[in-house]
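*Asks:* Got a structure here, written out as structure tokens. Questions coming.
Here, each number is a calculation from the coordinates, and none is a lab measurement. Small disclaimer: the values here were computed from a predicted structure and weren't measured. Cβ atoms come from the backbone with ideal geometry, glycine included; neighbour counts cover every protein chain shown.
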Amino acid sequence: MSGTERFSVSLGGDLLRQFDHAWRAEGHPTRSEAVKAMIRQSLVRMEWQAGKEVAGAVVLVYDHHLKPLAGKLVAVQHEFEDVIVSTTHAHLDHDSCLESIIVDGKAETVARLVKRLKSIKGIKHASLMMTTTGKEMG
Ligand code: NI
């Protein structure tokens, strides 16, 4: 890792006040840490857009009583086993299950997986948390 460099940014008063309010509300310890987090968030988005190797988690909520759904869910996950690292299943209550699928692979393959999962009839909610493998992140 290379050393730390300082740089200055000129901001209008309103924008700076809004930014200071926002990063404090989000819980960042300092303005510098908040700026770093924003830069990294932006770099993660670019990694996904550029189709690089990415990491993330797909979270699904569904009713397990819908039998065809459970079968399709397993079949799709086997089809995409090259990008799926692990799957954790939680029984939320009598009806609802939450499945968290950790992914690591090409962004477009992950995007295809998410699309396939969302197309399964009966999924109540599907959400993708996009992050980085960290390999190219300073
Ligand atoms: Ni369950």
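*Asks:* For the chain, what number of Lys pairs, 8 or more residues apart or on separate chains, have alpha-carbon atoms under 24 Å from each other?
*Replies:* Lysine pairs meeting the criterion: 19.
*Asks:* Using +1 on the beta carbon of Lys and Arg, -1 on that of Asp and Glu, and nothing else charged, what's the dipole of the chain about the Cα centre, debye to 20?
*Replies:* Magnitude of the dipole: close to 300 debye.
*Asks:* A further question on this structure: Could you order the peptides 8-17, 25-34 from most to least packed, using the average number of other C-beta atoms within 10 Å per residue? It would help to have the intermediate numbers written out before the result.
*Replies:* On the way: 8-17: 8.3, 25-34: 11.6.
The peptides rank, most packed first, as 25-34, 8-17.
*Asks:* Mind listing the phi-derived Karplus ³J(HN,Hα) values for the stretch 15-26, rounded to whole Hz, using 6.51, -1.76 and 1.60 with θ = phi - 60°, and x for any glycine or proline?
*Replies:* Ordered by residue, 3J(HN,Hα) equals 5, 5, 4, 4, 5, 4, 5, 5, 5, 5, 4, 7 Hz.
*Asks:* Give, rounded to the nearest 20 debye, the magnitude of the charge dipole that the stretch 53-131 has about its Cα centre when Lys and Arg contribute +1 at Cβ and Asp and Glu contribute -1 at Cβ.
*Replies:* Charge dipole, the stretch 53-131, about its Cα centre: 360 debye, nearest 20.
*Asks:* By average Cβ neighbour count within 10 Å, what is the ranking of 36-42, 109-115 from highest down?
*Replies:* Put in order of decreasing packing, that is 109-115, 36-42.
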